[in-house]
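Peer 1: Submitted below is the structure of interest, expressed as structure tokens.
Quick note: the coordinates plus some simple rules give every number you see, no bench work behind them. For clarity, every value in this text was computed on a predicted model and none was experimentally measured. Positions of Cβ are backbone-derived with ideal geometry, glycine not excepted, and every protein chain shown enters the neighbour counts.
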């Protein structure tokens, strides 16, 4: 509730709940009710699309198994709509999904699975994180649009209008929560607002006139600084929004920001203005979401492997012994016992396969190499494509979080290549360099569009988020001849 009666109350975040079972739908509503969300319910895929036509949603909680249009089909169609292609989707399922179904779900754009009955606290935690992201994104978009309009108005105005526009821009810039940094065509800083001073630790007096590279770690110069200036010098003044990079404070500490920038002209001078938002808190939330999801999957995998499959192994042993005893005294009943023994062994294999899919990287120094080898073999078998793992020299990595995130990045890149790029040949490379570990996924598919540049799509966003969580740099580009190359470089 807004504590200032003179201000309008902040609008509620819309969340779409889709489930054909009224009881399951009521359970989700009960868990989220009272948290300040606008919960919209739908009991079928078509009903969900009617809701999507009426309003935007911060996230969608979607049942996998529904009559008619199931959750997978609905998610695929949601991803094809321009207005909803980036909306996070969490799948609900009453049964443990198999490895192929998990791959299919992630390929349609899902970011997570939750098992029914849903644990209320886990659901609340995940929804709260995405609701906060939605609120911050909406605020950032509104501020960006105000500042971009002010800049362009300033560039077009006559002398009297220029003074009014400059004053309007000054008021907006001096009171903005976001940092605003302007540089000239040489890459030197020309303006530094109060929010930027607080964010970076420099006063405007000491930083104005200094090169912009003073704020950007060297490893990002070629990706962002050089690219932005080259666009400016070529006369390309289009706005670019939603870039996420790490920058450097005066004391040398690095922190993540979201960056939007556009070129503009004043007289014969060309400038580049950037709106900078410190997203440290948001990144902590994203990291926490990933950690909660990974912990859940690890626990389920351990329960499957150490509990259920071990118990089934014991039962299978008993069934095998029963078959032998029946063969001696009741030969006609022995085949039934043999069938039970065979089915139990199939269930054991399925349980172990599920456990590997949920927690694929073993807690060993060579665990990542083994997991990527198994991923390549699995993809080759499931999708009938050539998927090979290449590792010229052993890459030993003991950090479990880093190995898990690198594996998930490779998994997402491989399945993007199969599902969206229609690749027939995929190579997964793990390379040890003097100062970094490089993971690369190369394919011969359709290739990512030049305009996209790897920025759009929930899957790409999640890969980028995983990379930044472990301090790595993700780059997605078109192959030299065809296809796509996804690379992730981790220092160390």
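Peer 1: Largest first and in whole Å, what are the equivalent-ellipsoid semi-axes of the stretch 230-383 based on the Cα gyration tensor, each being the root of 5 times an eigenvalue?
Peer 2: Equivalent-ellipsoid dimensions as semi-axes: 61, 18, 12 Å.
Peer 1: Another question about this same structure. Based on DSSP H runs of at least 4 residues, each adding -39500 (n - 2.57), what is the mean residue ellipticity at 222 nm of the chain after dividing by all its residues, to the nearest 500 deg cm²/dmol?
Peer 2: Taken over the chain, the calculation gives -15500 deg cm²/dmol.
Peer 1: Report the relative contact order of the chain, percent, no decimals, based on alpha-carbon pairs under 8 angstrom and at least 6 residues apart.
Peer 2: After rounding, I find 9 percent.
Peer 1: Measuring from centroid to centroid over Cα atoms, what is the spacing of the stretch 247-305 and the stretch 366-409 in Å?
Peer 2: Their Cα centres are 26 Å away from one another.
Peer 1: On a 0 to 90° scale, report how tilted helix 309-329 is relative to the longest principal axis of the chain, with both axes built from alpha carbons and the result rounded to the nearest 10.
Peer 2: 20 degrees
Peer 1: Then there is this: Using the reciprocal of the averaged 1/r over all distinct C-alpha pairs, how large is the Kirkwood radius of the chain in Å?
Peer 2: Kirkwood radius, the chain: 25.6 Å.
Peer 1: Related question: Quick one: plug the Kirkwood hydrodynamic radius of the stretch 284-359 (C-alpha pairs) into Stokes-Einstein at 20 °C, 1.002 mPa s, and report D in µm²/s.
Peer 2: So the translational diffusion coefficient is about 151 µm²/s.
Peer 1: So, one more: Label-point separation (nm) for residue 480 and residue 306, each offset 7 Å from Cα along Cα-to-Cβ?
Peer 2: 4.8 nm
Peer 1: When ranked by the protection proxy of mean other Cβ atoms within 10 Å per residue, highest first, what sequence do the peptides 291-301, 326-336 form?
Peer 2: 291-301, 326-336
Peer 1: Sticking with this structure for a sec: Kindly provide the Kirkwood hydrodynamic radius of the stretch 297-447 in Å, to one decimal, from all pairs of distinct alpha carbon atoms.
Peer 2: Averaging 1/r across every pair of different Cα atoms and inverting gives 17.8 Å.
Peer 1: Separate question: Provide Rg over Rh for the stretch 248-330; use the alpha carbon set for both Rg and the Kirkwood Rh (inverse mean inverse pair distance).
Peer 2: Rg/Rh: 1.58.
Peer 1: Out of the DSSP beta bridges found with both residues in the chain, what percent are antiparallel (nearest 5)?
Peer 2: Percent antiparallel among DSSP bridges in the chain is about 65.
Peer 1: With angles folded into 0 to 90 degrees, how steeply does helix 400-419 sit against the dominant principal axis of the chain? Use alpha carbons for both and round to 10.
Peer 2: 90 degrees
Peer 1: Another one. Mind giving me the nanometre distance, one decimal, between the label points for residue 313 and residue 23, set 7 Å out from Cα along Cα→Cβ?
Peer 2: So the two model labels end up 3.6 nm from each other.
Peer 1: Next question. Using 0.36 nm per residue of separation minus the Cα-Cα distance, give me the extension gain between residue 491 and residue 250 in nm, one decimal.
Peer 2: So the chain would gain 84.5 nm between residue 491 and residue 250.
Peer 1: Once the cut-off is 20 Å, how many percent of the Cα-Cα pairs in the stretch 13-118 end up in the long-distance tail?
Peer 2: More than 20 Å apart: 32 percent of the Cα pairs in the stretch 13-118.
Peer 1: What three numbers, in Å, describe the spread of the alpha carbons of the stretch 361-492 along their principal axes, ordered from the longest?
Peer 2: If we take the Cα atoms of the stretch 361-492, the spans are 36, 30, 25 Å.
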